[in-house]
1. What is the extension gain from S253 to T202, computed as 0.36 nm multiplied by their sequence separation minus the C-alpha to C-alpha distance, in nm to one decimal?
2. Tabulate in residue order the Karplus-calculated ³J(HN,Hα) for segment 120-131, using 6.51 cos²θ - 1.76 cosθ + 1.60 with θ = phi - 60°, rounded to whole Hz; enter x for Gly and Pro.
3. Spin-label point model (7 Å from Cα, Cβ direction): what's the D113 to I238 distance in nm?
4. What order, most packed first, do the peptides 213-219, 201-207 have when packing is the mean number of other Cβ atoms within 10 Å of each residue?
5. Quick check: pseudo-label points 7 Å beyond the Cα along Cα→Cβ at N24 and D124, how many nm apart are they?
6. Please give me the summed charge of the neighbours of Q175: other residues whose Cβ is under 12 Å from its Cβ, Lys and Arg +1, Asp and Glu -1.
7. What is the count of Lys pairs in segment 32-256 whose alpha carbons sit under 28 Å apart, if the two are 8 or more places apart or on different chains?
8. Can you tell me the length gained on complete extension of the stretch D93 to R215, counting 0.36 nm per residue apart and subtracting the Cα distance?
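Bear in mind that the values in this text are calculations on the coordinates, not laboratory data. Quick caveat: nothing in here was measured; it's all calculated off a predicted structure. As a convention, Cβ positions derive from the backbone with ideal geometry for all residues, glycine included, and neighbour counts pool all protein chains shown.
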Amino acid sequence: MRKRATEYGPLSIYDPIYLGIDENACPVDITLIYKNLLTAGEPGAGKSGALNNLVAHAALASDCRLWLMDGKRVELGLWRDRAEVFVGSSLDDAIDRLRELQAEMDSRYDQLDGWKLRKISRGDGNHPIMLVIDELAYYSATAGDKRTRETFSLLLRDVIARGRAAGIIVVAATQRPSADIIPTSLRDLFGYRLAFRCTTETSSDIVLGHGWHSRGFDASQIDPTTPGVGLLLAEGGIPRRMRCAYLSDVEISRIAGHPDSGSAA
């Protein structure tokens, strides 16, 4: 596994994030600032591994505020003490936090408008916020009642749609890649899409985009004995087959306890 904090100092959320290697054994790095990422696949396919790589980078970044939502509480729970915000199974809490994030976003746009700038930048005092949601379907389709689920979905869509220039990064994961959980209008707001093994070619296309399976990029064809292997699509590119780096619970605990980790002030 590539080292995440070195003698060169703490990481920045503006730095590329190491995810793993591609099928040619080349490193796969992504830059999430001003972007969002959607990942999906069947249970055990590798989503949690991908999320932990992203959260690890954010936790070690000196300029990132980390917000976590995890309906099961245990997938991202090891990072709880390093998050500015941690939401568990309460949908009402999740909605309240999204409203806070929406207000922060609007405040930043007021500031940028006054500065005659189009987006935040490194060193301007506005630390980016990474919101990581594990199991999107829990909040948008399972918990609470229809009204509260719709409220959550509308708030999240607004944050994803408008938040990028304000430095709000959304990373969302689900094991239910269906059209009701990931409608096309929502999927298209994510600059990065990472599809792990899916049960059907339709589910694969729901994550990556319509028609990719017919062009040979079908996550339902990923061998079920190879967890961590997925198809990564970047904005304007073609899917790239890759294997995510894996962090054990021991490694996560070590990174979470690193003196450079913790939410930015």
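1. Extending this stretch completely gives an extra 14.7 nm.
2. Each residue's phi maps through the Karplus curve to give 5, 9, 4, x, 8, x, 9, 6, x, 10, 9, 9 Hz.
3. 4.4
4. Order by mean packing, descending: 201-207, 213-219.
5. About 3.6 nm separates the two model spin labels.
6. Once all neighbours under 12 Å are counted, the net charge is 0.
7. Close lysine pairs found across segment 32-256: 7.
8. Extra length available between D93 and R215 comes to 39.7 nm.
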